[in-house]
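Remarks on the structure that follows.
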Amino acid sequence: MITVKIGEVELKLTKNEAKEAQRLEAFRRVEKEYAQRSADIWIRSAPTTAAQDRRKAVARALGLSDTVAFL
């Protein structure tokens, strides 16, 4: 686990989750709807509830919704 700062929030993430957070941040700068869809898929694909909670925290820190809206 590594500590990543997104905006004002510090999160403990795995290396792969940190990479995905950077990717989502880049998407958010270009097109927020695309970033939201990617975050929804990423949150849904979490293998455990702990991973899902970390991924939801990343989405909230990026200003995206942490509820899965796209099906």
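Please treat every number below as a calculation from the coordinates, not as lab data. Predicted, not measured: the structure shown is a model, and the values here were computed from it. Virtual Cβ from ideal backbone geometry, glycine too; neighbours counted across all protein chains shown.
In the Gaussian network model of the chain, springs joining C-alpha atoms below 10 Å, which of 61, 26, 39 carries the largest mean-square fluctuation?
Taking springs between Cα atoms under 10 Å, the residue moving most is 26.
Cα to Cα, under 18 Å, and not fewer than 8 places away if on the same chain: which lysines meet these conditions relative to residue 15?
The qualifying lysines are 5, 56.
Could you give the nm distance between label points at residue 41 and residue 8, where each point is 7 Å from its Cα heading toward the beta carbon?
3.2 nm
What FRET efficiency would be calculated for the residue pair residue 51, residue 31, taking the C-beta separation as r and a Förster radius of 25 Å, to the nearest 0.05?
With R0 = 25 Å, the Cβ-Cβ based efficiency is 0.45.
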